[in-house]
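The values are calculated or read from the model by the stated rules, or taken from the named source; none is laboratory data. As the structure is a prediction and not an experimental result, all values here were calculated from the model. Backbone-built Cβ (ideal geometry, glycine too); neighbour counts: all protein chains shown.
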Amino acid sequence: MKKIIFSLLLTVGAMSTAIAVEGDVEAGKAKAGMCGACHGATGVNPNPTYPDLAGQHEAYIAKQLADFKSGARTDMMMAPMAASLSEQDMADLGAFFASQKRASERTASVEDSSTPTATTASTGDVEIVTSTSAKAIYAGDVKAGQEKSAMCASCHGVDGNSLISIYPKLAGQSANYIAKQLADFKSGERKDPVMVGMVAALSEKDMNDLAAYYAVQASTAGAGETSTAGHKLYFGGDAQKGITACVACHGVKGKGMAQAGFPALAGQNADYLKKQIASFRDGSRGNDRNEMMRNIAIKLSDSDVDALVKYMSALK
């Protein structure tokens, strides 16, 4: 009898240890950006293919993330998302989503007070945003960014819509992503013979100002062709090759996930997209978080890349 009681105590002790990590709601909120494309920013799912997480039990969410990471539960999209999460990260995410209201508990109307108001100045056929009242959204100043963008115009266009296919469109790209790329070019984490000279004299404020300016510009429609094979890869990946679906990070419409630092791809210049995938694949570009893009790109064949580029550059 004593042995049985002792065994039970050991079991209870082990269970307590397993759930000893306490989640932090605010920390979870900061980490939840990467989950937004599939599960919604607050865990209310915009896509019926994926589950709501809002109001779910904290311990259940943390356990599922741990199982995706260990392989006890398999899913080609969730496995890479969970791979870099620590036990604390999982607990924090569980705490955040558990604290959110379920869809049925939400009020019918949601007031969106974050939409920036802006004034525009016309330059030819292009409407260029020169100011915004949404200063809380951006670390930089839009007007200052416009003034500093003159040196970028020859490659990226006056409003960030590059007409040269080998260069990226910057218009409408998230500010934090642009600022990070500029910082990475300056530090050498991302390499490019043209950009290294352009960023050498930029301060952090310069980078934030440029990022804010381009972020509020409207991106022009892409010139790509649609692709059935590209659509399939973008939304479903390829289980046999272990290729994760692009939609998990870049969103249903290719608009990216600003909070998580995943860039918008919709309407991007096709030649530029192809070059970046190739660079991730051969390892010459390596400033992706947790090697996520490198791990995916290395599994893509040339035909996969062509199909994806066609599809993504045609997204609107």
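Structure notes:
- In region 290-304, the qualifying residues are those that are among the charged types (D, E, K, R) and without any contact (Cβ under 8 Å) to a residue 40 or more places away in the chain, and the one that is nearest to ALA79 (Cα to Cα) is GLU291.
- Among the residues making up region 299-316, those that are assigned to a helix (DSSP H, G or I) and buried (at least 20 other Cβ atoms within 10 Å of the Cβ) are ALA307, LEU308, VAL309, LYS310, TYR311, MET312, SER313, ALA314.
- Helices (runs of 4 or more DSSP H) wholly inside region 222-290 that include at least 3 residues being under 17 Å from the mean Cα position of the chain (by Cα): 247-250, 270-282
- Some residue of region 68-84 being touching an Asp or Glu at 6+ places or on another chain (Cβ under 9 Å), crowded, with 20+ Cβ neighbours inside 10 Å and either at pLDDT 95 or above or assigned to a loop (DSSP other than H, G, I, E, B) (or both): no
- When we screen ILE178, ILE166 for residues that are loosely packed, with under 15 Cβ neighbours inside 10 Å, under 25 Å from GLY283 (Cβ atoms) and among the β-branched types (Val, Ile, Thr), the only hit is ILE166.
Let's see how each residue does on (1) touching a Gly at 6+ places or on another chain (Cβ under 9 Å); (2) under 19 Å from ALA314 (Cα atoms):
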residue	(1), (2)
GLU225	no, yes
PHE235	no, yes
GLN240	no, no
ALA245	yes, yes
LYS253	no, yes
GLY256	no, yes
PRO263	yes, yes
GLY267	yes, yes
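- Options ALA218, ALA248, ALA212: the member that is surrounded by fewer than 21 Cβ atoms within 10 Å (Cβ to Cβ) and in contact (Cβ under 8 Å) with a residue 40 or more places away in the chain: ALA218
- Among residues of region 279-298, those that are surrounded by fewer than 16 Cβ atoms within 10 Å (Cβ to Cβ) and in contact with an Asp or Glu (Cβ under 9 Å, 6 or more places away or on another chain), counted: 2
- Residue, modelled with the highest pLDDT, within region 89-109, restricted to residues that are out of contact with any helix residue (DSSP H, G or I) (no Cβ under 7 Å at 6 or more places or on another chain) and small (Gly, Ala, Ser): ALA103
- Contact annotation: residue pairs with Cβ atoms under 7 Å, 6 or more positions apart or on different chains, pairing a residue in region 58-73 that is closer than 13 Å to ASP89 by Cα and free of Cβ contacts under 8 Å to residues at least 40 places away in the same chain with a partner that is surrounded by fewer than 17 Cβ atoms within 10 Å (Cβ to Cβ) and not aromatic (Phe, Trp, Tyr), are GLN64/ARG73; LYS69/ALA83.
- Filtering region 198-208 for residues that are surrounded by 21 or more Cβ atoms within 10 Å (Cβ to Cβ) and more than 30 Å from ALA79 (Cα to Cα) leaves a non-empty set.
- In the set (1) touching an Asp or Glu at 6+ places or on another chain (Cβ under 8 Å); (2) crowded, with 18+ Cβ neighbours inside 10 Å; (3) farther than 18 Å from SER162 by Cβ; (4) touching a residue at least 24 places away in the same chain (Cβ under 8 Å), the condition left unmet by LYS274 is number (3).
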